[in-house]
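I have placed the structure first, in the form of structure tokens, so that the comments after it can refer back to it.
Values in this text are rule-based calculations from the coordinates and carry no lab data. Keep in mind that this is a model prediction, so the values were computed, not measured.
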């Protein structure tokens, strides 16, 4: 599947997801996660009905990354609910590009903060989030269904 540069200079096309992206989003979800995956009904809800923004990153028409951001009325904190990058495209700047794109949209919508949760042992994700200005807000014990802890991170926009 991989095409293009291997030096982190890959420039994906980032756009808001549409209904026709659902199959590709589900496939990416199942590739990226072994546990805690969204099913088609949940993805469809998040894309079409929820107060959310769903972004995709694509290379040559193939969706290789996605991000779901939840928005709540009257709360100035947007939440990154999910961030996926196909394993063949990791460490190439895709997640960073998605985060930058999302931050611009969220700020324009009037949100002041953005937050997320990540596994306490997911040091690669923590490094990315810290490089984007996120700071650990608190530890969440037994956050995941397998009993693993998570960190809650937040950043002012």
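Odds and ends about this structure:
- Taken over region 13-156, the alpha-carbon convex hull comes to 111 cubic angstrom per residue.
- Between 103, 66, 131, the Gaussian network model of the chain with springs among Cα atoms under 10 angstrom shows the greatest mean-square fluctuation at 131.
- Choice from 147, 104, 65 with maximal GNM fluctuation in the chain (Cα, 10 Å cutoff): 147
- Length-normalised contact order of the chain in % [C-alpha pairs under 8 Å, at least 6 apart]: 19
- The Cα trace of region 75-151 gives Rg and Dmax of 13.1, 37 Å, the first to one decimal, the second as a whole number.
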